[in-house]
1. Show me the helices (runs of 4 or more DSSP H) entirely contained within the chain in which 3 or more residues are among the aliphatic types (A, V, I, L, M) and over 13 Å from the mean Cα position of the chain (by Cα).
2. Restricted to segment 9-67, and to residues that are surrounded by 17 or more Cβ atoms within 10 Å (Cβ to Cβ) and farther than 23 Å from residue 81 by Cβ, which residue is modelled with the lowest pLDDT?
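The values are calculated or read from the model by the stated rules, or taken from the named source; none is laboratory data. Just so we're clear, the structure is a prediction, and the values are computed from it rather than from any experiment. Reconstructed Cβ throughout: ideal geometry from the backbone, glycine too, with neighbour counts over all protein chains shown.
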Amino acid sequence: MAYAGTTAPNGQPYSDKSKITAGILTLLLGSLGIGRFYTGHTGMAIAQLLTCGGLGVWALIDGILFLTSNDRTDAQGRVLHP
């Protein structure tokens, strides 16, 4: 499903990244920061990598928030598409 040309509730265009993909990557590989690398948040990804995803707690919470929140954004501030 393409979201090009559609706008998110905040009026900006949707990201080309998926919140489902980001959530699953974070739940499965969060200790490596893969979900954050996917969304372009390199600084946070490196922090997750260096702390092993906050010993797993940060990665678990982050993954759940990616899957349940509708306001998670990519590095350009665009809302991740559903």
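1. Where helices (runs of 4 or more DSSP H) fall fully within the chain and carry at least 3 residues being among the aliphatic types (A, V, I, L, M) and over 13 Å from the mean Cα position of the chain (by Cα), they are 42-50.
2. 53
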